[in-house]
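J.: Got a structure for you, written out below as structure tokens; questions coming shortly.
The values are calculated or read from the model by the stated rules, or taken from the named source; none is laboratory data. It should be emphasised that the depicted structure is a prediction, and the values quoted were computed from it without experimental measurement. Every residue, glycine among them, receives a Cβ derived from its backbone with ideal geometry; neighbour counts consider all protein chains shown. We work out accessible area using only protein heavy atoms, side chains counted, and drop any ligands, DNA or RNA first. Shrake-Rupley method; radii C 1.70, N 1.55, O 1.52, S 1.80 Å.
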Amino acid sequence: MKKIIFLMIIISLPLYSVCAQQNEKSNQSKGKEMSFKIQKTEKEWKEILTPEQYHVLREKGTEQPFTGEYWNSRGKGVYKCAACGAELFSSDTKFDSDCGWPSFYDVINNKNVITKDDYSFGMHRIEVMCANCGSHLGHIFDDGPKPTGQRYCINSVSIKLEKKEK
Ligand code: FE
């Protein structure tokens, strides 16, 4: 019997250590501990962003619906991160969602955004952030049109349209 208990302890030790490492990793990837290519202090962000941009991009705020620059914009071009300039969305994937925020059914490149569970305001949503600088962009929902069925619901102040002549 003693042998069995001893064996169980020996077997479970490596398992425990793997779990502990995984917990450590998942904690590291939460919130502000994430490390991004663009690193700035809060003071530096405040110097380059307007107060509204800072609130939405850096404090995960949300602009009022039907008030932003792009919710009903039909301009052609590339929507870039307003904080760091990374290319995020193409006007080709923008659609009228009637939700009051600019909506896209896809990103230019999956590597340019990251998503994260957001449990604020007593609900579960998926937050969308710029993968280059960690700024908050908006949320993603699964009620978008084909071909992806996704709706990237993005704050106008988080993006900047670089127009392309056709
Ligand atoms: Fe960015």
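J.: Just list whichever of K116/K146; K60/K163; K116/K160; K43/K146; K40/K116; K43/K164 have alpha carbons separated by over 31 Å in the model shown. Don't skip to the end; give the middle numbers.
T.: On the way: K116/K146 23 Å; K60/K163 26 Å; K116/K160 22 Å; K43/K146 42 Å; K40/K116 21 Å; K43/K164 33 Å.
Beyond 31 Å: K43/K146; K43/K164.
J.: A further question on this structure: What are the ³J(HN,Hα) values, in whole Hz, obtained from phi via the Karplus relation 6.51 cos²θ - 1.76 cosθ + 1.60 with θ = phi - 60°, for each residue of segment 39-45 in sequence order, with x given for Gly and Pro?
T.: 10, 9, 6, 4, 4, 5, 4
J.: Sum up the charges of everything whose Cβ sits under 14 Å from the Cβ of P147, counting Lys and Arg as +1 and Asp and Glu as -1, but leave P147 out.
T.: On the way: positive: K146, R151; negative: D92, D106, D142.
It works out to a net charge of -1.
J.: In segment 59-92, which chymotrypsin sites (Phe, Trp or Tyr not before Pro) are in a loop and have at most 12 other Cβ atoms within 10 Å, using DSSP for the loop call? Can you show the working numbers first?
T.: Working: sites: F66, Y70, W71, Y79, F89; in loops: F66, Y70, W71.
Filter output for segment 59-92: F66.
J.: Still on this model: Over segment 76-127, how many percent of alpha carbon pairs lie in each 10 Å bin up to the one with the longest distance?
T.: Each 10 Å bin holds this share of Cα pairs: 22, 44, 31, 3.
J.: Moving on. Using amide H atoms built in the peptide plane, which far-off residues or other-chain residues are under 5 Å from G61 H to H?
T.: Sorted by chain and number, the residues that satisfy this are V56.
J.: Is the C-alpha gyration tensor of segment 57-102 telling us rounded, prolate or oblate? Criteria: a/c under 1.5 is rounded; beyond that, a/b larger than b/c is prolate, otherwise oblate.
T.: On the way: a/c = 2.26, a/b = 1.03, b/c = 2.19.
Because a/c hits 1.5 or more and a/b fails to exceed b/c, segment 57-102 counts as oblate.
J.: With all protein chains present and a 1.4 Å probe, how do Y152, Y105 order by accessible area, largest first? Don't skip to the answer; put the middle values down first.
T.: Working: Y152 10, Y105 55 Å².
My answer, sorted largest first, is Y105, Y152.
J.: Could you state, as a whole-number percent, how many of the C-alpha pairs of segment 36-163 are farther apart than 26 Å? Let's see the in-between values first.
T.: Values: 1092 of 8128 pairs.
More than 26 Å apart: 13 percent of the Cα pairs in segment 36-163.
J.: Could you tell me the extents of segment 115-154's C-alpha atoms along the three principal axes, largest first, rounded to whole Å?
T.: Result for segment 115-154: principal-axis Cα extents of 28, 28, 13 Å.
J.: As a test question: what accessible area, to the nearest 10 Å², does E44 have when a 1.4 Å probe is rolled over all protein chains in place?
T.: Roll a 1.4 Å probe over it and E44 shows about 80 Å².
J.: Moving to a separate point now. Provide the per-residue ³J(HN,Hα) series for segment 124-136, in order, calculated from phi with Karplus coefficients 6.51, -1.76, 1.60 and θ = phi - 60°, each as a whole number of Hz, with x at glycine and proline positions.
T.: Result, rounded to whole Hz: 9, 10, 10, 7, 10, 10, 5, 6, 7, 10, x, 6, 6.
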